[in-house]
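The structure under discussion appears below in the form of structure tokens.
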Amino acid sequence: MDAKKKILVIDDDKDLLFATKLILEKGGYEVFLAEDGKTGVEMWKSVSPDLAIIDMMMETWSEGFSVLEKIRSTETGRDRPLFVLSAVDLQGPYQSFQPPDNYPKVNRVLHKPVKGEDLLRFVGEELGIR
Amino acid sequence: MSARNWAFDRPMTDQKPVILIIDDEELMRSGCKQALERIGCTVLTAKDGAEGLRLAREHKPDAAFVDFKMPGMSGMELIEILSKEIPEMVLIMITGYASIGSAVESIHKGAFDFLPKPFSPDQLRTATRRVLEHRNMKIEANRLREEKAQMEKGFITFVSHEMRSPLVVIRQSIEALKMIGEDRFDDQVRELFEKCDRRIKGLEEMIEHWLDISRIGQGTFTPKQDSLSTAGVLERSIDELSPICRKNGIDLETTISENVLKLTGDEESLVRVFSNIIGNATKYTPPGGKISISARSEGRSVKIVISDTGKGIPEDKLPYIFDPFYRVKGKDEVHRGSGLGLTYCKKIVESHGGKIQASSKEGEGTTFELTFPGHIDSV
């Protein structure tokens, strides 16, 4: 039997982490949580997950970006799928976060709150399950 | 010399106020200089318009007294130039005997006041005090206004973020509940979740609208002044609402006249206005009904009409539909919106220089007419 695929979720909101974890576990994944950027990067290195979901609105906007950069510069993080989570942009309700071209590669931009089915479908697409 | 009066000091600094005297008579210049140095001013003098202009540009005095009758550049001309170039500088026209007409004209050209000759040193000092007080107050008022706007802007952003965050978490938690419940939950439980979710979405919408309305009210909302294709803007709203029209079996008919004038304004807000109105129409129009959207030019204006064949609004309620939180209560009120949608629409339309009107017949349908000034290409 195949081991469960591992997903790391990095977000400074504990409740959001909890809700996201439940959804992903329902989808059959093993979920790891980190409440800040530093822990997130450390966990990426120690756990070596198959996919990570990173909140771009932690503390400061640049924290999310820094986590993304650091993970992409690791051996394991170079090519594995990374999703970013954005809430509604502070500048205007309908201008959501879109990474410019010179950003570290992002496989998908998700907007909070994410529909359960959508999240599982997107993850499934990347990890080849379901 | 009297103790320094803080009212004279240049705002925000301890420096003496700087006054410029522009008069072709040597006696006037030295007399004024002496009189004002007595009350702690730094006085610069110029014997004609050209020199006055040069000194003004170089030193940016707080105020200038300009003689009406001078050889070369006239006082009036100088005042006109100075009030445009250095608007913060307060200008007083020194007028000759019996030239009230020109005195008044000088005020139109930018002078704050006029001082008729002959005047005593005391009169000059009084005028100067008044002028400096006025200038200080103006500067202070501007500073406060800017500070207030900044604070409000920051406040609005802060509040919006603070208010949105918990709602995002709640909605994500509901998503998780729906997922983990799945087969365990019966229909009633699922329905409760749906209701919660809808109400929260309504709340989120309300916050957005409220914030925009606040921004408009406080003048911190500055809509863009882009030239917009009327068809383009409408099409965006139509695209947004077509899926739900299809789903509900509502026919969506669009008639946009080919040479309809362009609109001027902020595309995002206008799209939201149209989406709001069309969205309302979808909520109140039963399957098999129709929503018609048309746009045409009427003289220099653009007229957009959105009408539906829905349940309509009772006549006695119609005048109030743009009021904040006014809801036409129906027995089968399934769709609880934010209550601010139409309020928001009206504010946005009006901030674009337009008008919005609604007409309706119960059981037959409702029509919204929006009129905007057409875009005028700048030459």
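Computed from phi, the 3J(HN,Hα) profile of segment B:144-154 under the Karplus parametrisation 6.51, -1.76, 1.60 (θ = phi - 60°) reads 5, 4, 5, 4, 4, 4, 4, 4, 5, 4, x Hz, with x in place of Gly and Pro. Taking a straight line from the alpha carbon of residue B:361, these aspartates and glutamates sit under 15 Å away, with near neighbours fewer than eight places off in the same chain left out: B:308, B:315, B:316, B:369. Summed over both chains, the accessible area lost when A and B associate is about 1800 Å², using a 1.4 Å probe. Less than 5 angstrom separates the built amide H of residue B:302 from those of B:372, B:374, all sequence-distant by 5 or more or on a different chain.
For the residue pairs B:84/B:138; B:153/B:355; A:6/A:26, the C-alpha atoms sit more than 24 angstrom apart in B:153/B:355. Dipole check for the protein assembly as shown: with +1 at the C-beta of Lys and Arg, -1 at the C-beta of Asp and Glu, and the Cα centre as origin, the magnitude is about 520 Debye.
Please work out the FRET efficiency for the pair residue B:134 and residue B:26, using the Cβ-Cβ distance as r and a Förster radius of 25 Å; give the result to the nearest 0.05.
Working: r = 29 Å, r/R0 = 1.16.
So the FRET efficiency works out to roughly 0.30.
Rolling a 1.4 angstrom probe over the protein heavy atoms with all chains in place gives the protein assembly as shown an accessible area of 54 Å² per residue. Residues of segment B:146-177 that bury at least 10 Å² of accessible area once all protein chains are present, compared with their chain alone (1.4 Å probe, heavy atoms only, ligands and nucleic acids left out), are B:157, B:161, B:164, B:168, B:169, B:171, B:172, B:173, B:175, B:176. As a calculated quantity, the FRET efficiency between residue B:300 and residue A:105 at R0 = 45 Å, using C-beta atoms, amounts to about 0.35. One chain, two ends: residue B:226 and residue B:180. Fully extended at 0.36 nm per residue, the span grows by 11.8 nm beyond their Cα-Cα distance. Only aspartates and glutamates eight or more places from residue B:47 in sequence, or on another chain, were considered; those with a Cα closer than 19 Å are B:23, B:24, B:25, B:26, B:37, B:58, B:62, B:67, B:77, B:80.
At the listed q of 0.18, 0.24, 0.25, 0.27 Å⁻¹, the Debye profile of segment B:80-142, built from one uniform point per Cα, gives log10 I(q)/I(0) equal to -0.69, -1.07, -1.11, -1.18. Charge dipole of segment B:224-379 (Cα centre as origin; +1 on each Lys and Arg Cβ, -1 on each Asp and Glu Cβ, all else neutral): 360 debye, rounded to the nearest 20.
Structure shown: which of A:14/B:148; B:201/B:346; B:33/B:109; B:262/B:290; A:112/B:290; A:115/B:347 lie over 29 Å apart, alpha-carbon to alpha-carbon? Could the numbers behind the result be given before it?
On the way: A:14/B:148 35 Å; B:201/B:346 22 Å; B:33/B:109 25 Å; B:262/B:290 26 Å; A:112/B:290 34 Å; A:115/B:347 33 Å.
Checking Cα-Cα distances, A:14/B:148; A:112/B:290; A:115/B:347 exceed 29 Å.
Shown in residue order for segment B:24-33 are the 3J(HN,Hα) couplings computed by the Karplus curve 6.51 cos²θ - 1.76 cosθ + 1.60 at θ = phi - 60°: 6, 8, 4, 4, 4, 4, 5, x, 5, 4 Hz (x for Gly and Pro). Within segment A:3-42, the trypsin sites (Lys or Arg not before Pro) that combine a DSSP coil assignment with at most 14 other C-beta atoms in a 10 angstrom radius are A:4.
Over chain B, all Cα pairs binned in 10 Å intervals from 0 give whole-percent P(r) values of 4, 17, 19, 14, 12, 13, 11, 7, 2, 0, 0, listed from short to long. The residue among B:134, B:40, B:324 whose Cα reaches farthest toward the positive pole of the charge dipole of chain B, with charges on the beta-carbon of Lys, Arg, Asp and Glu, is B:40. Using only alpha carbons, segment B:48-94 has a radius of gyration to Kirkwood radius ratio (Rg to Rh) of 0.91. The accessible surface of chain B, taken with every protein chain in place and a 1.4 Å probe, is 54 percent carbon and sulfur. Considering all projection directions equally, how large on average is the shadow of the alpha-carbon convex hull of the protein assembly as shown, in square nanometres? In nm², the orientation-averaged hull projection of the protein assembly as shown is 36.3. Under 18 Å Cα-Cα from residue B:195, which aspartates and glutamates qualify once same-chain neighbours fewer than 8 residues away are excluded? Those aspartates and glutamates meeting the cut-off are B:175, B:182, B:186, B:187, B:204, B:205, B:332, B:333. The antiparallel fraction among DSSP beta bridges confined to segment B:216-310 stands at about 65%. Which log10 I(q)/I(0) values, to two decimals, does segment A:2-87 give at q = 0.14, 0.18, 0.20, 0.22 Å⁻¹ under the Debye formula with one point per Cα? Per q value, in the given order, log10 I(q)/I(0) is -0.41, -0.68, -0.84, -1.02. Under the convention that each Lys and Arg Cβ holds +1 and each Asp and Glu Cβ holds -1, the size of the dipole of segment B:64-187 around its Cα centre is about 640 debye.
Proximity of backbone amide H atoms, modeled 1.01 Å from N, is registered between residue B:250 and B:288 at under 5 Å, excluding neighbours fewer than 5 places apart on the same chain. State the answer as a single residue: which of B:18, B:87, B:154 lies farthest towards the positive end of the charge dipole of chain B, with beta carbon charges of +1 for Lys and Arg and -1 for Asp and Glu, about the Cα centre. The residue sitting farthest along the positive end of the dipole is B:18. Annotation: amide H-H contacts under 5 Å for residue B:94 (H modelled 1.01 Å from N, sequence separation of 5 or more, or interchain): B:66, B:67, B:68, B:115. Sequence-ordered 3J(HN,Hα) estimates for segment A:111-119 from the Karplus curve with 6.51, -1.76 and 1.60 and θ = phi - 60° stand at 10, 6, x, 9, 5, x, 4, 5, 4 Hz, glycine and proline given as x.
The values are calculated or read from the model by the stated rules, or taken from the named source; none is laboratory data. Since this is a predicted model, take the numbers as computed values, not measurements. Please note: Cβ atoms are built from the backbone with ideal geometry, for glycine as well, and neighbour counts cover all protein chains shown. The protein model used for the area step is the full one, side chains on, heavy atoms only, and it has no ligands, DNA or RNA in it. Shrake-Rupley method; radii C 1.70, N 1.55, O 1.52, S 1.80 Å.
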